[in-house]
Amino acid sequence: MLKEIGGVQIQPKHRASCHCGSVVLELSLPDGVVDPRRCNCSICRRKGAVVASVPLSGIRILQGAEHLKLYQFNTFTAKHYFCSNCGIYTHHQRRSNPNEYGYNVGCLEGVDPFAIADIPTSDGVNHPADRH
Ligand SMILES: [Zn+2]
């Protein structure tokens, strides 16, 4: 977990927003940014965002819920949300742990995700739920 990124303190209640500002979220991050990662699955490889995790109770939509669009595919377990105006991915309800959201670290106000050294890439191509 990271309590500061590139000299910016992660607040216990940190705001996050899409690019156009229509969607504003409040993330509860008492432990900072937990488990930042990228993923090589079919959707993450296209969006390329650095993602971290919070419990479902850790995201509050402050503004713009009506602008959030839901995208689902394959098993329709995960729920991927993005701003319907600017297209930016904000958060998703995870498939491997539906009790958690993943969120776009790049949406955190003031935070440069590329200031995080050595961001691991999850092997989402070989997702546990796809193994038989
Ligand atoms: Zn937007």
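Only the coordinates and a few stated rules stand behind these numbers; no lab work does. Just so it is clear, the model here is predicted, and its values are computed rather than measured. Every residue, glycine among them, receives a Cβ derived from its backbone with ideal geometry; neighbour counts consider all protein chains shown.
Can you give the Kirkwood hydrodynamic radius for the chain, in Å, rounded to one decimal and based on Cα pairs?
Details: mean 1/r = 0.0671 Å⁻¹.
When all Cα pairs of the chain are included, the Kirkwood radius is 14.9 Å.
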On a straight-distance basis, which lysines could pair with residue 47 in a cross-link, Cα separation under 24 angstrom, same-chain partners fewer than 8 positions away excluded?
69, 79
What residues have an amide H closer than 5 Å to that of residue 122, excluding those fewer than 5 places away on the same chain, when H is modeled at 1.01 Å from N in the peptide plane?
38, 39, 40
Hz values of 3J(HN,Hα) by residue in the stretch 3-10 - Karplus curve (6.51, -1.76, 1.60), Gly and Pro given as x
8, 8, 10, x, x, 9, 5, 7
Efficiency of FRET between residue 117 and residue 46 - r from beta-carbon atoms, R0 25 angstrom, step 0.05
0.55
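Please give me, ordered by residue number, the chymotrypsin sites (Phe, Trp or Tyr not before Pro) of the stretch 1-99 that lie in loop per DSSP and have at most 13 other Cβ atoms within 10 Å. Spell out each step's value before the answer.
Numbers: sites: 71, 73, 76, 81, 82, 89; in loops: 73, 76.
Qualifying residues, ordered by number: 73, 76.
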